[in-house]
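Chemist: Have a look at this one before I ask anything.
Values in this text are rule-based calculations from the coordinates and carry no lab data. Note that this is a predicted model, so its numbers are computed, not measured. Every residue, glycine as well, gets a Cβ built from its backbone with ideal geometry; the counts of neighbours run over all protein chains shown.
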Amino acid sequence: MYNLTRRHFVKLTGGLAAAGLVSPMFPTLGRASQGKKHVVVVGGGYGGVIAAKYIRMADPSVTVTLIEKEKLYYSCPLSNPVIAGFRDMKVQRWGYENLAKHGINVQHDEVVEIDPVKRSVSTAKSASFSYDKLVVAPGVDFKWDAIEGYTEKASEKIPHGWKAGPQTLLLHEQLSAMKDGDPYIIVAPPMPFRCPPGPYERASLVAWYLKQHKPRSKVIILDAKDKFAKQPLFVGAWKELGYNIEWVPVNEGGKVTRVNADSMSVHTEMQEYKSSAINVIPPQKAGKIAHAAGLVDKTGWCPVNQKTFESTVHKDIYVIGDACIATAEIPKSGFAANSEAKIAAAAIVAAFKGEPEPDPSYVNTCYSLLSPDYGISVAAVWAFKDNAVAKVSGGVSPEKATPAFRKQEASYAESWYQSIMVEMFS
Amino acid sequence: MHDMKRRTLVLAAGVVVGGLWGAPAMAGPTPSMLSNTCAGCHGPQGVAPGPSIPTIAGMPYNFLKLMMTEYMKGDRPSTIMGRVAKGYSDVEIDAIAKHFAGLKWGVQGGASVKGKSVDPAKAEKGKALAKECEKCHEEGGKKQDEDTPRLAGQWLEYLQVKIDDYKTNEKYPQPKKMKSQMDKLSVEDLDAIAHYFAGQK
């Protein structure tokens with residue numbers, strides 16, 4: 001007990017025994033000493049849920065606890081159609097109740113602290129869980145200070161809508177209420193950020209809505225970049241579909257430096273833009289807990305072993321999904337998080353069995369909708385070769401294609417969504 | 001040097017008898033590591049919740065291998081599968097085909113958006129028209145042999161997309177027997193047949 005830190009002391013005197021330190025709060029959740037391995041998963045999104053499931057599928061003797069703050073999950077992928085008014089938010093909503101069937105202990109709580117030495121996490125509800133391996137999948141957090149005036153409070157008037165939920169609906173309301181002739185302003189973030197084609201899918205679907213309901217309005221994208229994902233496909237489609245979208249890249253003054261939520265305006269170095277409908281997607285970093293646990297490097301994201309997704313900062317902690325730095329090529333997408341989760345799960349189970357690190361296979365497929373009947377995609381397969389992630393195949397949809405081809409991809413977008421969500425929540 | 005040689009020999013022998021360290025059946029990712037990535041689109045265990053990406057669980061090994069190989073070589077037109085299949089070697093495609101052939105066909109519930117539903121009148125009409133089809137796609141499309149895929153209970157929109165592929169592209173790869181039937185039947189009749197097979201359980 002001599003190495004008990006002050007922090008732990010406070011916890012103990014507060015009557016909150018850290019599991020594994022004194023007497024475990026959850027006796028069944030023992031550690032290696034009791035022969036049963038325990039994995040704690042922090043975050044119940046595209047990465048965390050799949051990691052929890054695949055660990056249980058690969059080795060049912062492992063105890064898995066998933067800690068997720070929210071009781072309901074709203075998917076970001078396919079939430080842009082909600083903003084454009086052709087999709088019900090209910091279709092985006094899923095619950096965690098089926099995970100118990102897979103032997104996953106789901107705790108609706110928030111992890112506030114990770115102790116990588118004691119191998120335990122503590123939560124907002126003052127619970128404590130010890131782990132043999134920890135999976136951290138917190139997604140992204142916003143850099144509230146990066147654009148002057150764009151605070152969490154300001155986002156209640158000028159939503160980001162970059163975590164699906166009430167903000168998605170607020171964006172839809174603002175779009176519906178805006179005056180015909182006013183611009184719809186989207187502020188796009190610098191790389192890296194969650195869902196690289198997302199802002200441009202949103203711009204497309206807003207333009208689709210405007211074309212029908214407010215034909216005198218246009219979308220203005222103020223961008224902190226000078227290029228973006230699937231760009232030739234998006235730009236080609238905007239022309240083909242007759243969308244009124246003005247894209248202002250950083251080298252033409254697109255970088256927004258200041259936001260004023262009271263006057264509903266955004267400022268670049270050259271110009272002020274005003275509208276009743278503004279969407280600011282702020283610059284991003286790894287989720288809060290990754291920072292609190294010191295899992296990030298100077299980029300604000302978490303460096304990991306590319307073969308296993310184990311943190312290169314702390315042993316026995318695996319960081320997957322948007323929060324980690326996979327190779328620059330693997331995007332921060334839902335499908336990539338799903339793929340990374342399966343790789344980390346296999347690595348964790350192999351480590352428990354004393355087996356060598358499994359050879360990973362990484363895949364991403366990502367669809368974007370430009371109208372209800374117009375879809376485009378990007379796909380890639382990577383392998384681990386010569387100690388690095390190497391792309392084996394991939395690419396985007398062809399720039400020239402028939403309307404039937406685009407319609408097929410729009411339908412596959414829906415099918416993609418159903419498959420990946422059912423894999424998580426059934 | 002002696003040790004080194006010995007190790008190389010042992011490793012080489014390991015590869016020949018089909019696996020390093022005796023664990024996976026081949027070097028590189030295991031069949032399940034490769035195949036698990038398919039679930040994100042084709043559903044958990046290859047059973048798709050629809051509405052248009054097909055269920056691949058329990059499809060014949062030869063069929064799966066042929067499709068993947070044709071996608072890989074660029075012989076089979078596709079929206080996305082060509083881009084994906086090029087990511088795998090012949091050995092990996094073989095492993096993936098074996099993996100899904102070994103899984104059980106099923107119907108995945110829980111999807112919150114339903115696909116296009118089967119029209120009973122069209123299905124009835126399709127049943128009468130499907131007599132020729134059932135020479136290969138036997139037992140209402142349930143039976144699968146070496147390279148005949150299951151049609152019974154497959155997603156309607158997938159079958160419709162395939163019919164469109166067959167009818168609009170002269171060069172779309174298909175067996176001769178299949179092509180002769182496809183050429184004989186109208187799009188409308190084929191659509192009725194799709195409703196019939198999609199409606200089988």
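Chemist: For a footprinting-style exposure proxy, rank A:Cys302, B:Cys38, A:Cys76 by other Cβ within 10 Å, fewest first.
Modeler: Fewest-to-most Cβ neighbours within 10 Å comes out as B:Cys38, A:Cys76, A:Cys302.
Chemist: Non-local amide H neighbours of A:Val187 (under 5 Å, H modeled in plane, Pro and chain starts lacking H): which ones?
Modeler: Here A:Leu222, A:Asn279, A:Val280, A:Ile281 satisfy the definition.
Chemist: Rg to Rh ratio, the range A:144-283, alpha-carbon atoms and Kirkwood radius? Don't skip to the end; give the middle numbers.
Modeler: Values: Rg = 13.8 Å, Rh = 14.9 Å.
Rg divided by Rh gives 0.92.
Chemist: Treating only the Cβ of Lys, Arg, Asp and Glu as charged (+1, +1, -1, -1), what charge dipole size does the protein assembly as shown show about its Cα centre? Round to the nearest 20 debye. Please list the in-between numbers first.
Modeler: Working: 77 positive and 65 negative charges, 155 e Å.
Roughly 740 debye for the protein assembly as shown.
Chemist: Could you work out how far helix A:334-352 tilts from the main Cα principal axis of chain A, as a 0 to 90 degree angle to the nearest 10?
Modeler: Tilt relative to chain A: about 10 degrees.
Chemist: Write out the GluC sites (Glu not before Pro) in the range A:107-158 meeting two conditions: DSSP loop, and at most 11 other Cβ atoms within 10 Å of their Cβ.
Modeler: Sites meeting the loop and neighbour criteria: A:Glu152.
Chemist: Hey, got a sec? Which chymotrypsin sites (Phe, Trp or Tyr not before Pro) in the range A:34-131 land in a DSSP loop and have at most 14 other Cβ atoms within 10 Å?
Modeler: Passing sites in the range A:34-131 are A:Phe86.
Chemist: Helix A:403-425 against the longest principal axis of chain A: what's the angle in degrees, Cα atoms only, rounded to the nearest 10?
Modeler: Tilt of helix A:403-425: around 20 degrees.
Chemist: Out of the range A:267-357, which trypsin sites (Lys or Arg not before Pro) are coil in DSSP terms and have no more than 15 other C-beta atoms within 10 Å?
Modeler: Within the range A:267-357, the qualifying trypsin sites (Lys or Arg not before Pro) (loop, at most 15 other Cβ atoms within 10 Å) are A:Lys298, A:Lys315, A:Lys353.
Chemist: Can you work out the PRE-style zone for A:Glu355? Point 7 Å along Cα to Cβ, and I want the residues of the range B:59-102 with backbone N under 19 Å.
Modeler: Only B:92, B:95-100, B:102 pass the distance filter.
Chemist: So who's got an amide H within less than 5 Å of the one on A:Val392, skipping anything under 5 residues away but keeping other chains? H placed 1.01 Å off N, in plane.
Modeler: Result for A:Val392 returns A:Val381, A:Trp382, A:Ala383.
Chemist: Counting only residues 5 or more places away or on other chains, whose amide H sits under 5 Å from the amide H of A:Tyr318 once H atoms are built in the peptide plane?
Modeler: Answer set, sorted by chain and number: A:Leu134, A:Val135, A:Val136, A:Ser311.
Chemist: Report the charge-dipole magnitude of the range B:120-199 in Debye, nearest 20, computed about the Cα centre from +1 at each Lys and Arg Cβ and -1 at each Asp and Glu Cβ.
Modeler: Around 140 debye, computed over the range B:120-199.
Chemist: Next question. Restricting things to alpha carbons, tell me how big the range B:120-199 is in terms of Rg and Dmax, in Å.
Modeler: Gyration radius and largest Cα-Cα distance of the range B:120-199: 11.5, 32 Å.
Chemist: Taking R0 as 56 Å, what FRET efficiency do you get between A:Lys157 and A:Asn305 from their Cβ-Cβ distance, rounded to the nearest 0.05?
Modeler: 0.85
Chemist: How far apart, in nm, are two points set 7 Å out from the Cα along the Cα-to-Cβ line at A:Trp144 and at A:Thr312?
Modeler: Calculated label separation equals 3.1 nm.
Chemist: What's the angle, to the nearest 10 degrees (0 to 90), between helix A:48-58's Cα axis and the longest principal axis of chain A?
Modeler: 50 degrees
Chemist: Given Cα pairs under 8 Å that are at least 6 residues apart, what percent is the relative contact order of chain A?
Modeler: Computed value for chain A: 17 percent relative contact order.
Chemist: Starting at 0 and stepping by 20 Å, how many percent of the alpha carbon pairs of the protein assembly as shown end up in each bin?
Modeler: All Cα pairs, binned at 20 Å, distribute as 18, 49, 29, 4, 0 percent.
Chemist: Right, another one. Calculate, for A:Ala177 and A:Asn98, the FRET efficiency according to 1/(1 + (r/R0)^6) with r their C-beta to C-beta distance and R0 35 Å; round to the nearest 0.05.
Modeler: Using R0 = 35 Å, I get an efficiency of 0.40.
Chemist: Going down the table (A:Lys179/A:Lys227; B:Lys143/B:Lys179; B:Lys98/B:Lys176; A:Lys163/B:Lys167; A:Lys214/A:Lys255), which pairs top 32 Å between alpha carbons?
Modeler: Numbers: A:Lys179/A:Lys227 30 Å; B:Lys143/B:Lys179 20 Å; B:Lys98/B:Lys176 26 Å; A:Lys163/B:Lys167 43 Å; A:Lys214/A:Lys255 26 Å.
Violating the 32 Å Cα-Cα cut-off are A:Lys163/B:Lys167.
Chemist: What value, in deg cm²/dmol to 500, does the helix sum -39500 (n - 2.57) over DSSP H runs of n ≥ 4 give at 222 nm once divided by the residues of chain A?
Modeler: Only helices count here, giving -8000 deg cm²/dmol.
Chemist: Another question about this same structure. Take the alpha carbon gyration tensor of the range A:333-400, find the square roots of its eigenvalues, order them as a ≥ b ≥ c, and report rounded if a/c is under 1.5; if not, report prolate when a/b exceeds b/c, else oblate.
Modeler: Judged from the Cα gyration tensor, the range A:333-400 comes out oblate (a/c at least 1.5, b/c at or above a/b).
Chemist: Could you give me the radius of gyration and the Dmax of the range B:79-173, taking only the C-alpha atoms into account and expressing both in angstrom?
Modeler: Using the Cα atoms of the range B:79-173, the pair Rg, Dmax is 15.9, 45 Å.
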